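The values are calculated or read from the model by the stated rules, or taken from the named source; none is laboratory data. All figures in this text were calculated on a predicted structure; none of them were measured in a lab. Here the Cβ is made from the backbone with ideal geometry for all residues, glycine too, and neighbour counts use every protein chain on show.
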Amino acid sequence: MISHRTRIAIPLTLCFCLGVSLHGWAEEPPKEADSPPSEGNSEAPATATADEAAEATAPKEGTETKPAEKAVSGASSDESDTPMRAAETPATEAQAASNVPTPAANEVPAKSPGTSKSVDKNVPKAAPAKSWRSWLKWERGPLRITPVALLTVQAFPFVGEQSYLAAGDDVESAGLRLHHARLGVDGAISKKLRYRFSADLATGNDNDTRIHAAWAAYQPIAAAGLKIGGQTLPTSRSAVIPSVYHALVDRPLAVRAMAPLKQLGLTAQGQLANHAFGYQVGIFNGLRRSGRFYEGYEHRYGALGNRFDGLAYAIRLTSEPVGRLASTVADETHGPLGLGLGGGYVLSRGGALTTHIASGDVHLQKSGFHALAEVLWSLATPDELPTIPSDEVDDTSSLGLSVEAGYSILPRRLGVALRFEFIDPNQRIEDESDNWRLQAGVSYHLIEQLLEAKLNYAHREEFLGEAQANDMVVLQLGFLLHPTSRARP
């Protein structure tokens, strides 16, 4: 539990960092810094947006583009970074032989008889408007700081009267819910060293403040790097993709219940052949489950050290054999075919349980369409001599399946998605806890996806026993200032 002073200190510190980054707006606009290679997960480095790319190649305001410059630069963009100016271009042999002087740089070509109206090519073109994202980066030498801010509020106009938090339902009655209130900074000290610090300002029933991410990553080469600190465990694909980058309002319920999301540890990571093969291997503090299955694993960053929880080991292998995938689940930019495959395994020797978690996933994106299928399986075995209290007395195996498909009707604007889930919390027992869940939704983004609105309907059905009245409708409004680019790499 974080003290009252710490709850106040963390937001004030993060607000100060945000203010420093925003102070750079009034100064010269920063240049885009190259980021280390990413693995297509939630911690992927930011990439330049389409607006920023156009801005980088556009002529600076107040300068003239010479005709010879256009001829040189238009021939091949890979030949020279700095095109030759017209005044520096030597006269041709024909001009030298006939003593014809080279046209002056500011001379307007004469209109030839019978030709169309001449165009003055020396008139400077207006530079395109800068993207607001380019002004959010504060850079001084190798240091780069970018603010991270996330605010999502959910409204539940309809909630079934038999909805219960203990059964995995989001809320128990109609009303409002503060889903995210996060503030932090992301940045780099060089092209090889990145960091991120962020805190959730209101979490849980007690609105406690806790650290969300606190890590530093060193990636000297694409094939090998290290990340240390509080980070996402490399388990399933839906777990490593930020929840706000999902097509629906949240991750699948099966993933939230069965995949440990955050833990303190050290990870080795890398990729080969342009992400044809990627890996993450890590050692973390041991995992501890919450009291109920649908509450998932506890968020523990070891403020008091690793006293009773043992150690956990994780490995995830990925491949993108055909094209590259976006950082989002949906194909919001209508890109070419992208295919991703992944599998993970976690072994936790905790204080009360030895837990095995296995996962596999397939992710497809093509021309606005996306599909994602995942499977998770876990086995928890009680320890003979537990170091912490536990209610588990028998081995428990759980199974979760999730299949999702969707389409971006308007690129980076309007999209729809449909998800089906099957959840069996205890495969040894057949009861009403075995259920399936169908969720459909529509999303809409504004201001370069800074603002979003998502409307979802969820229907849940129990296999055994009486059907429960636990359907619900949720409207989520969000402000998303995230450093990871949503576009295709």
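With respect to the conditions (1) touching a Phe, Trp or Tyr at 6+ places or on another chain (Cβ under 7 Å); (2) of a type in the set (D, E, K, R); (3) surrounded by fewer than 18 Cβ atoms within 10 Å (Cβ to Cβ), residue 349 lacks only one, and its number is (1). Take the conditions aliphatic (A, V, I, L, M), farther than 18 Å from residue 406 by Cα and in contact with a Pro (Cβ under 9 Å, 6 or more places away or on another chain) and apply them to residue 283. Does it pass? Criteria not met by residue 283. Scanning the stretch 352-400 for residues that are at pLDDT 95 or above and either in contact with a Gly (Cβ under 6 Å, 6 or more places away or on another chain) or charged (D, E, K, R) (or both) turns up 359, 360, 361, 363, 365, 366, 370, 374, 375, 376. Only one entry in 332, 320 is surrounded by 23 or more Cβ atoms within 10 Å (Cβ to Cβ), in a strand (DSSP E or B) and of a type outside the set (A, V, I, L, M, F, W, C), namely 320. Of the residues making up the stretch 266-287, those that are crowded, with 21+ Cβ neighbours inside 10 Å and either at positive phi or not polar (S, T, N, Q) (or both) are 275, 278, 282, 284, 286, 287. Among the criteria (1) in contact with a Phe, Trp or Tyr (Cβ under 6 Å, 6 or more places away or on another chain); (2) touching a residue at least 60 places away in the same chain (Cβ under 8 Å); (3) not charged (D, E, K, R), the one residue 234 does not fulfil is (1).
Selection of the stretch 452-466 for residues being touching a strand residue (DSSP E or B) at 6+ places or on another chain (Cβ under 6 Å) and either surrounded by fewer than 17 Cβ atoms within 10 Å (Cβ to Cβ) or of a type outside the set (S, T, N, Q) (or both) yields 452, 453, 454, 455, 457, 458, 459, 460, 461, 462.
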